[in-house]
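What follows draws every value from the coordinates through simple rules; no lab data is involved. Everything numeric here is computed off the predicted structure, so don't read it as measured data. Backbone-built Cβ (ideal geometry, glycine too); neighbour counts: all protein chains shown.
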Amino acid sequence: MGLCSFIRKVRQIRTQQPNIPTTFGENQLVHTILRRRSVRKFLEHDIEDEEMALILEAGRLAPSTVNMQTWSFGVFTERTWRETFGRSIPYGAKRAVMVLGDITRIKEATDIFPDVPLIAYTVSMINASLAAMNMTVMAEGLGIGTVMLSDTGKTGFFSAAYLKKTLQLPPGIYPLMTVVFGYPASRNLPMPPKFNIEDITFCGLYKKTERAKIRAWFSLMEAGYKASNPFSSFKSKLKYYRDNLNRAERELEDVVLGEREKM
Ligand SMILES: Cc1cc2nc3c(=O)[nH]c(=O)nc-3n(C[C@H](O)[C@H](O)[C@H](O)COP(=O)(O)O)c2cc1C
């Protein structure tokens, strides 16, 4: 990528804005949802316990398949995270909620998950993801920044085997992600490259996204990566992901399918 092209792309990323019709310009929830960005640098200021309780309440009341609530939340302060994992919460965040798929309660109540490990896993992951998103939106509404983590700092499904062992998770409990919380160091974070609405929607029969659009997006991703990580290459980051995904795939197979007999 030439220097001019790089500068053009970075400018394109920086000028992206959510599409908000003027009719909704005053609506706070619209702004809360559309202006949320993943935050990776936090202030020293801690979060109030009352705010954390409200965030957890948003998780508790999230929608779930047949109201099964197939989730558990590991709730950490800086101190309890350090005591458990021997390091700080990633990105200097102040609080962390590890979100896990959990089918143990529903298994005690009924036998609807007798031999369907992939369905059980999928259902618990879907529901737990919705709970995580509800907590994220609640935090954003309170002015608290978040980032969901599944890779960084061994915090989610990429590190299923490690978390199962470290937290002594019984069969039927699957690490998904950790949402970390803190006051953002900056309020004006650029939006990473997003596809346009017409690239990701269809009406009637499924419509493939044009290849040129996909290539243009990927090229913006590369430029964005270079702009924020001038000393590391996008290529090596992709290789890291490829290797890590392959390892995580094998670990997850063990966790999801290998646990079948133990439940
Ligand atoms: C399930 C999930 C896992 C994620 N894991 C990580 C992670 O391990 N490290 C990280 O820095 N960001 C992680 N993210 C944040 C994404 O990188 C981020 O959402 C994406 O780049 C879009 O940016 P935005 O949230 O500002 O729209 C994760 C997001 C999700 C939904």
Sorted on mean Cβ neighbours within 10 Å (highest first), peptides 156-164, 40-48 come out as 156-164, 40-48
Can you run phi through the Karplus equation (6.51, -1.76, 1.60; θ = phi - 60°) for the range 149-158 and list ³J(HN,Hα) in whole Hz, with x for Gly and Pro?
10, 10, 10, 3, x, 6, 10, x, 5, 5
Antiparallel bridge percentage (DSSP; both residues within the chain; nearest 5)
95 percent
Quick one: dipole size for the range 35-189, taken about the Cα centre, charges +1 on Lys/Arg Cβ and -1 on Asp/Glu Cβ, in debye to the nearest 20.
580 debye
Result: in the range 35-189 the number of Lys pairs with C-alpha under 21 Å apart, spaced 8 or more or on different chains, is 6
Can you list residues from other chains, or at least 5 along the same chain, whose modelled amide H is less than 5 Å from the amide H of Gly182?
Lys94, Gly145
Going by average Cβ neighbours within 10 Å, how do the peptides 137-146, 110-119, 204-213 rank, with the highest at the top?
137-146, 110-119, 204-213
Centre separation in Å (Cα based) which lies between the range 114-146 and the range 27-69
11 Å
Based on the mean of other beta carbon atoms within 10 Å per residue, what is the order of 176-183, 242-249, 223-230, 88-95, most packed first?
176-183, 88-95, 223-230, 242-249
Using amide H atoms built 1.01 Å from N in the peptide plane, name the residues 5+ places from Lys41, or on other chains, whose amide H lies under 5 Å from its own.
Ala185
Rounded to the nearest 5, the percent of antiparallel DSSP beta bridges in the range 35-189 equals 95 percent
If one computes the Cα centroid of the range 210-263 and of the range 76-108, what distance in Å separates the two points?
23 Å
Quick one: 3J(HN,Hα) in Hz for the range 173-188, Karplus 6.51/-1.76/1.60 with θ = phi - 60°, rounded, Gly and Pro as x.
10, 10, x, 10, 7, 10, 9, 9, 10, x, 7, x, 5, 9, 9, 10
Along the range 220-235, Karplus-curve 3J(HN,Hα) (6.51, -1.76, 1.60; θ = phi - 60°) to the nearest Hz, with x for Gly and Pro, reads 5, 4, 4, 5, x, 5, 4, 5, 8, 10, x, 9, 9, 9, 4, 4
